[in-house]
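*Asks:* Attaching a single structure in structure tokens format; questions to follow.
The values are calculated or read from the model by the stated rules, or taken from the named source; none is laboratory data. Since the model is a prediction, treat every value here as computed from it, not as a measurement. For neighbour counting, all protein chains shown are included, and Cβ atoms are generated from backbone atoms with ideal geometry for every residue, glycine included. With ligands, DNA and RNA removed, areas are computed over all heavy atoms of the protein, side chains included. Shrake-Rupley method; radii C 1.70, N 1.55, O 1.52, S 1.80 Å.
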Amino acid sequence: MIKKLQLGTRLRQLPDRVRIGASIALAAVAVAAVAFSVLPERITGTPAEPIWPSTGAGTNSPAAVPGQAPDSWTKQVDAAVVATAWPKLNPPLDKLSRSRAAEWDACRNVTAGTEAKCRFGKSNDPKKTVVILGDSLAISWIPAARAGFESKGWTVRGLTFKDCPAARIDVVPISRDVSFTEDCRKHQEYALARAKALKPAIVLISTGNGTLTRILGSQGPEAAAALQQAETTAIKSLVTDNTKVVVVAPPPDRRDMGACATHVSTPADCLSDVQVPWNTLRTLEQDAAKQAGGVYLNTQSWTCTLDGQCPSFIGTTPVMTDGVHLTNSMSRRLGTVLFDAATARA
């Protein structure tokens, strides 16, 4: 029988003050426990509200925000929610854990010396260049960007770094790497400056749902406010008359299909609902984009229904490799949706 859990338990809190060095290593252990925890049993009912309220920058309901998927796509999402039997999945379950973005290794930790490895396309025209900034969720959008932009003659440039958000804000590591916070800080400074220098037509920014649990020295609403301010500053630094900045919401996390799909289970056993962390991140990123002159794409309808039900597959394609990152196949299927949404006139 499905258990109902308290929504408040979805946000893990870090210590008020995390010290550099050994203290960061200790904090990383706690964060790792959050990152690898199993998504709780499905919570039904009204979609969870964010714990941090809007600043009043004019946010709307999810359905009213730019990024709504076309009807032809949402019908497939709706069909997956009510499916009673598993389709023949591609990739199959035994290959799911190895089905993340094909560009993962090339774009995992981009530096000035490795930047060329995460460049796709032949155009040298800034007017047909899209730059992607952010962490592993941003990497997961690269197959979509290539399918949507590169196929139309654009060049896709990834300036991404695993676990490191695009905005200039310090975060603790998920692993035990005590140098991560400093390495991430250096990457953020490099990537923001490089993106500005490239003068691309579009900059895409995407941040993982778990980022709010990793803000150095802050927690809860304080962490949300700090991230919003950092993201507002980052967007403002990139927006020009010729460069459009688009904040792409990460897909809502969901149950790990590799664990919930079994010989005796049904698709309903792998359904998830949009959780508090995603709605909190949506609220602050939507406000940041509006205040800074960027565009926020609410991607909920790309992998979930508007009322917040999230299937584990769409058509025959698994949505996530691990409950967090898009499969390479799903990301590519979303290429046209991403291109159309990102290039639409505001």
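*Asks:* Determine if segment 195-204 includes at least one residue that is part of a strand (DSSP E or B) and within 19 Å of P252 (Cα to Cα).
*Replies:* yes
*Asks:* Quick one: in segment 152-166, of everything that is in contact with a Ser or Thr (Cβ under 7 Å, 6 or more places away or on another chain) and assigned to a strand (DSSP E or B), which residue is surrounded by the fewest Cβ atoms within 10 Å (Cβ to Cβ)?
*Replies:* Of everything passing the filter in segment 152-166, T155 is surrounded by the fewest Cβ atoms within 10 Å (Cβ to Cβ).
*Asks:* Within the set of pairs 6 or more residues apart or between chains, which connect a residue that is closer than 8 Å to T155 by Cβ inside segment 111-134 to a residue that is among the hydroxyl-bearing types (S, T, Y) and buried (at least 19 other Cβ atoms within 10 Å of the Cβ) with Cβ atoms less than 6 Å apart?
*Replies:* So the pair list comes out as G121/T155; S123/T155; T129/T155.
*Asks:* Which helices (runs of 4 or more DSSP H) does segment 242-346 wholly contain that include 3 or more residues that are within 24 Å of S151 (Cβ to Cβ) and open to solvent by less than 40 Å² (accessible area, probe 1.4 Å)?
*Replies:* By residue number, 300-303, 328-333, 335-343.
*Asks:* Which count do you get for residues in segment 201-234 that are within 20 Å of V156 (Cβ to Cβ) and more than 16 Å from the chain's Cα centre (by Cα)?
*Replies:* 3
*Asks:* On to the next question. Here is a check on your reading of the model: is F180 under 14 Å from the mean Cα position of the chain (by Cα) and buried (at least 17 other Cβ atoms within 10 Å of the Cβ)?
*Replies:* For F180, the condition - under 14 Å from the mean Cα position of the chain (by Cα) and buried (at least 17 other Cβ atoms within 10 Å of the Cβ) - is not met.
*Asks:* Can we say T46 is open to solvent by 70 Å² or more (accessible area, probe 1.4 Å), within 30 Å of A223 (Cα to Cα) and modelled with pLDDT under 95?
*Replies:* yes
Let's see how each residue does on (1) of a type outside the set (V, I, T); (2) over 18 Å from the mean Cα position of the chain (by Cα); (3) at pLDDT below 95:
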position	(1), (2), (3)
V274	no, no, no
L284	yes, no, no
D287	yes, no, no
L297	yes, no, no
T303	no, no, no
S312	yes, no, no
T316	no, yes, no
V324	no, no, no
R345	yes, yes, yes
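*Asks:* Quickly run through segment 167-177 and pick out the residues that are within 17 Å of L133 (Cβ to Cβ) and open to solvent by 10 Å² or more (accessible area, probe 1.4 Å).
*Replies:* Answer for segment 167-177, where residues must be within 17 Å of L133 (Cβ to Cβ) and open to solvent by 10 Å² or more (accessible area, probe 1.4 Å): R168, I169, D170.
*Asks:* Next up: Residue by residue through segment 78-123, note down the ones that are open to solvent by less than 30 Å² (accessible area, probe 1.4 Å) and under 21 Å from G258 (Cβ atoms).
*Replies:* Those that are open to solvent by less than 30 Å² (accessible area, probe 1.4 Å) and under 21 Å from G258 (Cβ atoms): A80, V81, A83, L89, P91, L96, S99, A101, W104.
*Asks:* Give segment 167-194 a look and list any residue that's in a helix (DSSP H, G or I), in contact with a Pro (Cβ under 7 Å, 6 or more places away or on another chain) and not polar (S, T, N, Q), or say none.
*Replies:* Scanning segment 167-194 gives a single hit, F180.
*Asks:* Please specify each residue of segment 222-258 satisfying the condition of being out of contact with any helix residue (DSSP H, G or I) (no Cβ under 9 Å at 6 or more places or on another chain) and of a type outside the set (D, E).
*Replies:* Matches in segment 222-258: A226 only.
*Asks:* Restricting to segment 217-239, name every residue that is open to solvent by less than 40 Å² (accessible area, probe 1.4 Å) and part of a loop (DSSP other than H, G, I, E, B).
*Replies:* G217, S218
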